1. At most 10 other C-beta atoms within 10 Å and a DSSP loop state: those are the exposed GluC sites (Glu not before Pro) I care about. Give me the longest piece of the chain that has none.
2. Over the chain, what is the relative contact order in percent, taking alpha-carbon pairs closer than 8 angstrom and at least six residues apart?
3. Quick one: 3J(HN,Hα) in Hz for region 59-66, Karplus 6.51/-1.76/1.60 with θ = phi - 60°, rounded, Gly and Pro as x.
4. If contacts are Cα pairs under 8 angstrom and at least 6 residues apart, what is the relative contact order of region 27-165 in percent?
5. Mind checking region 135-184 for trypsin sites (Lys or Arg not before Pro) that DSSP puts in a loop (not H, G, I, E or B) and that have at most 12 other Cβ atoms within 10 Å?
6. Out of [x] 5, 25, 33, 25, 10, 1, 0; [y] 5, 18, 21, 17, 12, 7, 4, 4, 5, 4, 2, 0, 0; [z] 5, 22, 29, 22, 13, 6, 2, 1, 0, which label holds the value of P(r) over Cα pairs in 10 Å bins from 0, in percent that was computed here?
7. Based on the inverse mean of 1/r over its pairs of different Cα atoms, what is the Kirkwood hydrodynamic radius of region 109-158, in Å?
8. Report for the chain the percent antiparallel among DSSP-assigned beta bridges with both residues inside it, nearest 5.
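FYI, it's all coordinate maths here, none of it is from the lab. Everything numeric in this text was worked out from a predicted model, so none of it was measured. No Cβ is skipped: glycine too gets one built from the backbone with ideal geometry, and neighbour counts run over all protein chains shown.
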Amino acid sequence: MNDLTPTLDPKYAHLPLYLQRGILQRKLEREEEEREERRYQESIAQRRAQIAAKRAAKAVQEEAFEARRQSHLSRDTPFVMTSAANVVLDTIDRCVRFGHNGLIIGAPGVGKTRALEEALRRSHTLEGPPVGLVTVTGVMGNSTMALLEEVAPHVGVRTVYGVAATLKLLCSRASEFPVLLFDEAQNLSLRAVRDLLAISEQARVQMLFLGNDEALKFVHSQKAAIQQIARRMPIREEIDCILDTDADLLAGQYAVEDPEALRLCRALAETHHADGIGKVLPIARAIAEAAGSRTVDVDHLREALALFPHFLRDQAKAKATPQLERQSSFKRLPKRR
């Protein structure tokens, strides 16, 4: 032990030296423990401050994200029961009623994805049949494991390592049975479609595939493998455009009342369907509100269209070509069962 005599407390001078040193040693140990405790409490306070700062930053980020989402929602076209949406929702109901898989082919922008979002909303609020939505990306379409990982949560199965083992679980352990909706199905490979249809048959899960004309590769071929796929998709629909009445319904959501403006909306719908209306009309309404107008007139629409020069070019090309009489906005096959 070091010599502690110079620092000994005089009030313990009557005690033997070894006791004085022991008292002093314990005092120093207590002081060290107190310093250690203070450092520990400071570290806890610092950690709590860091956690509070992270939570505050996360709250600000979530608030900004929610504000951005609400801003996007305010610009989005409200759901309207167009002919295309009616076909999509009716096809989902038929898949549930008859226990068959389906395929919907539609031109880009007619409102397939918006109808799927409405079906998902109705599923969550128990207004419609249970559905699960999978948006097929390019990467997912070329990776069977990535596709199965998206499908598994919808049928109540946890994925495992390996495609074969996961596929086996999906076929034998499915505990939930929604209608699986595959948007952008043209990104799926034929092998992926065969695997999905195998899950459908063995797990009794109905599937509805939606895509553009490229998805016709699943049913239009003389190859045996593709004919087998086609046999498993007996419910088929094709949506080629939206009707003028659909354009009027969408325009009505943005207070378009001027007949000339309605005609312009119909012309826009002929070339760019519901997607074109959903892009132009929110801007036209903002222009009308800035001008103090309660309704959107043709001048507001033309000013909004000027921001989309390719829309104007497409409309000019459409006027230059002979106009064919539009019989229907969709083809329903088969008509009667």
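1. On the way: sites that count: E127, E325.
The reported range is 128-324.
2. On the way: 430 pairs, mean separation 58.8, N = 337.
Once normalised by length, the contact order is 17 percent.
3. The phi angles translate into 5, 5, 5, 5, 5, 5, 5, 5 Hz.
4. Details: 53 pairs, mean separation 17.5, N = 139.
Once divided by the residue count of region 27-165, the mean separation gives 13 percent.
5. Working: sites: R158, K168, R173; in loops: R158, R173.
When the trypsin sites (Lys or Arg not before Pro) of region 135-184 are filtered for loop state and at most 12 Cβ neighbours within 10 Å, R158 remain.
6. [y]
7. On the way: mean 1/r = 0.0820 Å⁻¹.
Final number for the Kirkwood radius of region 109-158 is 12.2 Å.
8. Values: 4 of 22 bridges.
Antiparallel bridges make up about 20 percent of those DSSP assigns within the chain.
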